[in-house]
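Notes follow the structure.
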Amino acid sequence: MAKSTKNSLDNILGEPKSRRKFISETAAVTGGIASILATGIPPAFAQERELKLLTWSHFVPKSDEELERQLKEFGKQAGIKVRVDRVAHLQLPAVLAGEVQGQKGHDLISLRNANSYLYSEHLETMDDLYEKIAKRGGGWTTDTVGKGQEGRQTALPWYFISFPLVARTDLIAEVGEDLPDTWEDVRRIAGKLKKKGHPLGIQLAHSNDSNNVTRGILWSHGGKLVEADSKTVAVNSKESIEAFKFVRALYKEGMEKEVLAWDDRNNNVCLVSGKCSMTFNPVSAYRSAVRDKALIPGTDRPLHQVINHVLPPRGPGGRHMAASFQAIGVWKFSENAQLAKEFLDFHFTKENIDKHLTASQGYNQPVLASFAMHPIYASSPKYYFAPYIGWYTHAAGYPGVPTAATQTVEDQFLLPDAMAACATDRATPEEAVAKLEAQLTRIYKRHA
Amino acid sequence: MVAVTNIGRAEARPPLSVRSRLRRSVGPDIDGYGFILPSAIIMVSLVVYPFGLAVWYSLSDAFIGQPASFIGLDNFIYILTVDDIFPKVLRNTLLFAVISVACKVFFGLICALLLQRITTFKRFFRGAMLIPFVAPTALTTLGWWLILDPTYSHINWILKHVWPFSEMGLGPYQFLADPTLALSSVIFVNFWRGLPFFVITILAGLVSIPDHLYEAAEIDGASTWDKFWKITLPLLRPVLAVVILFSTIFTLADFNIVFVLTRGGPMNETHLFATYSYTYGILNHDIGLGAAVSLFLFPILAFTVIFLLRLIRRDTAYEL
C-alpha cells in the first residue's frame, strides 16, 4: 500500500530532483516571471493583442455605437480583441496629456483641433494613409487639420462639428423679423426677444462652444488672434476692439447673466426648454428636441418644427465661424501601431465613413470631398445649411494653421474669458484686448 | 590578580551582535525603529519622492511629453508678477478654507450638542448626519450642480413657485454665474459636505467628558452657559484642534467641488490652488507652472499645521 502510494506521488511529481537542479530550475522560472513583470510583455504564447481606441463621449450616442461596431468587425477579421473607451469631451485633453506623460495608454486616439500638432512628437506619421484615403474620397476639404510639426501628417482629419445659428422661427416672426443674416441682425432681434423672455444664448464661459463662437465673432469683425504665419500675435487691433464692443452690446441687450456659467449642454437645454430664441450649436439641440418630443411651452406643437439652422452671421469682416475639427491618430508608443493604421484604412472606406456619418444624424460633417453633399443633408430643410457652412468654417488658429499654441489658448478659454470680462464691464474692450495680447504673447513665445 | 582575571574574562567574551551594537549606539528603542522602517520607506517613496519631483518641476520648464530644463525661479516670478489670476486664487483659497472651516466648527458644535441630547431616533439622526460625508463627492456635487444650475436652478424654481417664497419676489439668483454667489456656493457645498465629520468627532469628544464634572459644577451653582464655557469647551479643545487641522488640510487642497460646480469660472473667479494648478499643469500642459502654483500651498499648510499642532500639544498638557 505504502509502495503504491510512493509510485503515485512519483508519477505526479516526476523524478526526485537534486537540490542543485531544483535551485537552478526555480531560478529560471523566477527570472522568467521577473522579466515578464519588468517589461510588461507576456510571452508570445500568452499574448492576446487588444486594439484600444479612446474617443470623446459623442453627443449623438449612435455615432459612438457605429464606431464601436466597426472596430469590433475589424477585430473579428483580424482575430484580435478591441476596446473603445469614452471620456467627456472636456476631460479628453487631460487624459491625452496623462498618456503622453506616461508613454502608455490607448492605440488610437481622438484628437481635436491642434492636438495633432501639440503631440506631434508622440504621434505616428500618417502621410501614406492620408494620401491613399484622399484619393479614395475625392480629396480632403481641409489642408490644416491633423498636421504636425515640420508639415508631417500626424493624424487623419475625421470630421468637423459646425456652429450654425440655431433659431426659433416662430419667435423671430412674432417680432416681425426674418432669420438674421448679419451680426447686427442678431443683436437687434435678440434685443427684442430678450424683452419677451426669450434671450439669445451664447456661452461666455469655459466651454468648447464658447471657444468656437467667440472666434467667429472676432473673425467676422475682421479681428484675429494671430497672423497667417501662426506665430505673430495680432489680437490688439482696431477690429478686435470693435468685436469686443459688439460682444458687450450683444450681452447687455440680448443675453442673460447665466451664459457666464454655461457649459456645452446649457444652450441646448435653454433652446429645447423653449426659453432661448437663438443660439449657436451643431444639430444636436435640434435632434434633442426631436428625440424628447419637446413641445412649445403652453402648446401641443412640437418644438422641432419651429427650430431651424442658418449660416453663421456676416460681420464687417465677412462670414466666418470656427468649428471643432476632429482628427484620429495613433500613438508612437502604441504596441499595435500597424494594426491601428490598418483599422483606419478599414474605417475610412466609403461604406464605413458613410455609415458613421449617417449614424451621427448629420452632427459629424465630412472632411472628404465626395461626402460633402451627403444625402442626409437633403433629407430635411433643417440640414440645408450643412453642405455650405464648410466654406465659412475655419479651424482654430485661422488665418494661420492650428499649432500647439493654438491648442493651449483654446484649452485655457482665454478668448471667452476676455470677452466675458468686457461684457460684464470688468474690463474695457481696450483693457480686455491688451490683457489677452499679453497672455497670447507668453504662450506663443513658450511654444516658439 | 582578581582584576586581571576579570579582564581576561571580558576579553574572552564573544563579539557583540550587530543588533546589540546598534542598541548601544541608538538606544533601547532600536526595535521600535525597526518596526517603523517599512512605513518610513513607504512614506519616502509615496510622499517625499513626489514632493521632490514637484519641486524639480516647479524649477523647470517641464512641458507634457517634452524634456525639461532648469529655469530657476522663473515660474514663481511669473506667477507673482505677471499672472493676474493668481492673487484671486490665493484670496479664494483662503476665503474658502477660513469661512468653510469656521462654519463647520460653529454649526458642528451646535449639531453635536443637539445630537447628544436627542434620545428618540438617536441612531437614525446620527446615521443620517453622515450621509453627505459618506456619499461620493463627485456624485453629491453633481447634485448641487443641478440644484444651482444657471438656467433651471431648483432653488430659483422654489422661490418662484412655492408659497410663501413666491410672494416675496425673491430671485432668480445666478448662483454659478455671479462671481460672489459662485464662490459662496462652492464654500457652502464644502461646508455641507464637511459638517458631518465635525459633528461626529465633536460628539465623540462630548461623550467622553465625565458626567461628574457637570454634577460638581451644578452643585457649585454653575449655569448652563458656565458649564459650556468652563467645562465643555476646554475639554473639547484637543478634539477641536485635531478636527480643525484635518479639515483645514482637506479644505485647502479641495479640488472636486470647484471642478464639478464651476470649473473655476465664471471668468476664473472661483479657482483654488488645486484647480488652478490642474489648469496650468494638465490642461495647458505647463507642468512647471502647475507645480509652482501647487507649491504655494505648502507654506500655508505648513503654517496651519504647526500652529494647530502647538495648540494640540498645549492642550494635551491640560490637567483636570
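The values are calculated or read from the model by the stated rules, or taken from the named source; none is laboratory data. Quantities reported herein were computed from a predicted structural model and do not represent experimental measurements. Cβ: placed from backbone, ideal geometry, glycine included. Neighbour counts: every protein chain shown.
Out of (1) more than 14 Å from chain A (Cβ to nearest Cβ); (2) over 20 Å from B:Gly264 (Cβ atoms); (3) part of a helix (DSSP H, G or I), the odd one out for B:Leu170 is which?
(3)
Return only the number of the condition from (1) surrounded by 17 or more Cβ atoms within 10 Å (Cβ to Cβ); (2) among the hydroxyl-bearing types (Ser, Thr, Tyr); (3) under 25 Å from the mean Cα position of the chain (by Cα) that B:Thr180 does not satisfy.
(1)
What number of residues within the stretch B:230-272 are in a helix (DSSP H, G or I), of a type in the set (Val, Ile, Thr) and under 30 Å from A:Glu256 (Cβ atoms)?
Going through the stretch B:230-272 one residue at a time, the tally reaches 3.
Need the failing condition index for A:Leu414 against (1) surrounded by fewer than 23 Cβ atoms within 10 Å (Cβ to Cβ); (2) closer than 24 Å to A:Ser288 by Cα, just the number.
Evaluating A:Leu414 over (1) surrounded by fewer than 23 Cβ atoms within 10 Å (Cβ to Cβ); (2) closer than 24 Å to A:Ser288 by Cα leaves (2) as the failure.
Please determine, by comparing only the residues of the stretch B:117-148 that are exposed (fewer than 10 other Cβ atoms within 10 Å of the Cβ) and charged (D, E, K, R), which one is farthest from B:Phe107 (Cα to Cα).
B:Arg123
Name the pairs: first residue in the stretch B:42-68 and at negative phi, second residue loosely packed, with under 14 Cβ neighbours inside 10 Å and of a type in the set (S, T, N, Q), Cβ to Cβ under 9 Å, at least 6 apart or on different chains?
B:Ser60/B:Ser69; B:Asp61/B:Ser69; B:Ala62/B:Ser69
Within the stretch A:52-82, how many residues are assigned to a strand (DSSP E or B) and farther than 21 Å from A:Tyr159 by Cα?
2
Show the residue pairs meeting these rules: Cβ distance below 6 Å; 6+ apart or different chains; first residue within the stretch B:296-313 and of a type in the set (Ser, Thr, Tyr); second residue surrounded by 13 or more Cβ atoms within 10 Å (Cβ to Cβ).
Note: pairs meeting the criteria are B:Thr304/B:Thr248.
Could you grab the pairs with beta carbons closer than 8 Å, sequence gap of 6+ or different chains, first residue in the stretch A:73-93 and away from every other protein chain (no Cβ under 14 Å) and more than 17 Å from A:Ala340 (Cβ to Cβ), second one assigned to a strand (DSSP E or B) and of a type in the set (Ser, Thr, Tyr)?
Qualifying pairs under 8 Å: A:Arg86/A:Thr55.
Out of the stretch A:128-175, which residues are within 14 Å of chain B (Cβ to nearest Cβ) and crowded, with 18+ Cβ neighbours inside 10 Å?
If the condition is that a residue be within 14 Å of chain B (Cβ to nearest Cβ) and crowded, with 18+ Cβ neighbours inside 10 Å, then A:Gly148, A:Thr154 are the ones that fit.
Inspect all residues belonging to the stretch A:343-350 and state whether any of them is among the polar types (S, T, N, Q), assigned to a loop (DSSP other than H, G, I, E, B), away from chain B (no Cβ under 14 Å) and at negative phi.
Yes: one or more hits.
Would you check if A:Gly329 is in the same structural domain as A:Ala97 (by TED's automatic domain parsing) and of a type outside the set (Asp, Glu)?
Judged against the criteria, A:Gly329 is a match.
Would you confirm whether any residue within the stretch A:328-345 is more than 29 Å from A:Leu71 (Cβ to Cβ), hydrophobic (A, V, I, L, M, F, W, C) and crowded, with 24+ Cβ neighbours inside 10 Å?
no
Quick check on the stretch A:107-127. Is at least one of its residues assigned to a helix (DSSP H, G or I) and more than 14 Å from chain B (Cβ to nearest Cβ)?
Looking for residues that are assigned to a helix (DSSP H, G or I) and more than 14 Å from chain B (Cβ to nearest Cβ), one finds at least one in the stretch A:107-127, hence yes.
Which of the residues spanning the stretch A:402-429 are more than 14 Å from every other protein chain (Cβ to nearest Cβ) and within 21 Å of A:Asn364 (Cα to Cα)?
If the condition is that a residue be more than 14 Å from every other protein chain (Cβ to nearest Cβ) and within 21 Å of A:Asn364 (Cα to Cα), then A:Pro402 is the only one that fits.
Which of the following residues is within 27 Å of A:Ala88 (Cα to Cα) and either touching a Pro at 6+ places or on another chain (Cβ under 8 Å) or assigned by TED's automatic domain parsing to the domain that holds B:Ala182 (or both): B:Leu289, B:Leu297?
B:Leu289
Among B:Val293, B:Val243, B:Val305, B:Val258, which is buried (at least 19 other Cβ atoms within 10 Å of the Cβ) and away from chain A (no Cβ under 14 Å)?
Sole residue among the options that is buried (at least 19 other Cβ atoms within 10 Å of the Cβ) and away from chain A (no Cβ under 14 Å): B:Val243.
Which one of these is farther than 24 Å from A:Gly274 by Cβ, free of Cβ contacts under 8 Å to residues at least 24 places away in the same chain, of a type outside the set (Asp, Glu) and in the same structural domain as A:Gly317 (by TED's automatic domain parsing): A:Ala249, A:Ala234, A:Ala243, A:Ala228?
Going through A:Ala249, A:Ala234, A:Ala243, A:Ala228 in turn, the sole match is A:Ala234.
Being at positive phi and either at pLDDT 90 or above or in contact with a Lys or Arg (Cβ under 7 Å, 6 or more places away or on another chain) (or both) is the requirement here; does B:Gly72 meet it?
Spelling it out, B:Gly72 is indeed at positive phi and either at pLDDT 90 or above or in contact with a Lys or Arg (Cβ under 7 Å, 6 or more places away or on another chain) (or both).
Yes or no: the stretch B:188-197 includes at least one residue that is out of contact with any Ser or Thr (no Cβ under 9 Å at 6 or more places or on another chain), more than 14 Å from chain A (Cβ to nearest Cβ) and in contact (Cβ under 8 Å) with a residue 40 or more places away in the chain.
The answer is yes; a qualifying residue exists.
Look through the stretch B:144-167, keep the residues that are polar (S, T, N, Q) and part of a helix (DSSP H, G or I), and return whichever of them is nearest to the other protein chains (Cβ to nearest Cβ).
Only one residue tops the list, namely B:Asn156.
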